[in-house]
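Engineer: To start, I am sharing the structure in question, which I have written as structure tokens.
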Amino acid sequence: MSRIGKKPVELPSGVTASVSGQTVEVKGPKGAQTFTATDDVTIAVEGNVVTVTPRGSSKRARQQWGMSRTMVQNMAQGVSAGFKKSLEIQGVGYRAQMQGNTLKLNLGYSHEVNFEVPAGVTVTCPKPTEIVVEGQDLQQVGQVAANIREWRQPEPYKGKGIRYAGEFIFRKEGKKK
């Protein structure tokens, strides 16, 4: 039994969901999202509650049960409140700034890194050492944040690089004389 799948998804105020076949559409103040579930689960909407039930007891049906429920939950949260990932930049001379739809990063390379922000995601730089990625799709927000972090991951000796806010970097001791 899926502990996650058993819980019904409560829709926040201002959010509506509709099911046609295996496709769930969730609409809210920040936009609309759709998700097509596999044939292993049944999705039902009753008032402001969405329930997901498996169609059999196979391993695949049980896997899809929890995953489909989580996808509906993430869509409901995304169209109502949205998602946000914060990144911190540490290192002498490392900084970021937005210029139109391009994030310009100075990360100690001989050149400036230009990162094109994809549609559906907004990136802001409140400080030169802080980057905030926001959007309504959790997967897309996380992927954009990971792509930005990939340009200069935090290294274990000095801790320089781009890290998630609150991320702990295990520090190593340097070589001794």
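Engineer: Counting pairs of alpha carbon atoms under 8 Å apart in space and at least six apart in sequence, what relative contact order in percent does region 83-164 give?
Structural biologist: Values: 157 pairs, mean separation 29.4, N = 82.
Taking the mean separation of contacting Cα pairs over the length of region 83-164, I get 36 percent.
Engineer: Could you list the square roots of 5 times each eigenvalue of the Cα gyration tensor of the chain, that is, the equivalent ellipsoid semi-axes, sorted largest first and rounded to whole Å?
Structural biologist: Numbers: eigenvalues 313, 83, 31 Å².
Here the semi-axes work out to 40, 20, 12 Å.
Engineer: Given Cα positions, please report Rg to Rh for region 83-164, the hydrodynamic radius being the Kirkwood one.
Structural biologist: Values: Rg = 11.9 Å, Rh = 12.6 Å.
With Rg and the Kirkwood Rh in hand, the quotient comes to 0.94.
Engineer: Would you mind counting up the charge near Gly135? Only other residues with Cβ under 11 Å from its Cβ, with Lys and Arg at +1 and Asp and Glu at -1.
Structural biologist: On the way: positive: Lys30, Lys84, Lys85; negative: Glu134, Asp137.
Once all neighbours under 11 Å are counted, the net charge is +1.
Engineer: Oh, and also: Show that you can apply the helix-only estimate: for the chain, add -39,500 (n - 2.57) for every DSSP H stretch of four or more residues, divide by all residues, and state [θ] at 222 nm to the nearest 500. List each step's numbers first, then the result.
Structural biologist: On the way: 3 runs with 38 residues, N = 177.
Calculated mean residue ellipticity at 222 nm is -7000 deg cm²/dmol.
Engineer: While we're here: Roughly what angle does helix 59-80 make with the longest principal axis of the chain, taking Cα atoms, 0 to 90 degrees, to the nearest 10?
Structural biologist: That helix lies at roughly 70 degrees to the long axis.
Engineer: Oh, and also: Using θ = phi - 60° and the Karplus curve 6.51 cos²θ - 1.76 cosθ + 1.60, what whole-Hz ³J(HN,Hα) does each residue of region 94-103 get, with Gly and Pro shown as x?
Structural biologist: Values, residue by residue: 7, 7, 9, 8, 8, 9, x, 9, 10, 9 Hz.
Engineer: Sequence neighbours fewer than 8 away in the same chain don't count; with that in mind, list the lysines whose C-alpha is under 23 Å from Lys85.
Structural biologist: Correct list for Lys85: Lys27, Lys30, Lys104, Lys127, Lys160.
Engineer: If you don't mind, there's one more thing I want to ask. Report the relative contact order of the chain, percent, no decimals, based on alpha-carbon pairs under 8 angstrom and at least 6 residues apart. Walk me through the intermediate numbers first.
Structural biologist: On the way: 350 pairs, mean separation 31.6, N = 177.
Computed over the chain, the figure is 18 percent.
Engineer: Oh, and also: Taking only Cα atoms, what is the 0 to 90° angle, nearest 10, from helix 138-149's long axis to the longest principal axis of the chain?
Structural biologist: Approximately 10 degrees, to the nearest 10.
Engineer: Which of Ile162, Ile169 has the fewest other C-beta atoms within 10 Å, and how do the rest follow up to the most?
Structural biologist: Details: Ile162 24, Ile169 16.
Lowest count first: Ile169, Ile162.
Engineer: Please compute the Kirkwood hydrodynamic radius of region 78-128 from all pairs of different C-alpha atoms, in Å with one decimal. Mind showing how you got there, number by number?
Structural biologist: Values: mean 1/r = 0.0809 Å⁻¹.
The answer is 12.4 Å.
No value in this document is a laboratory result; all are computed from the given coordinates. Keep in mind that this is a model prediction, so the values were computed, not measured. As a convention, Cβ positions derive from the backbone with ideal geometry for all residues, glycine included, and neighbour counts pool all protein chains shown.
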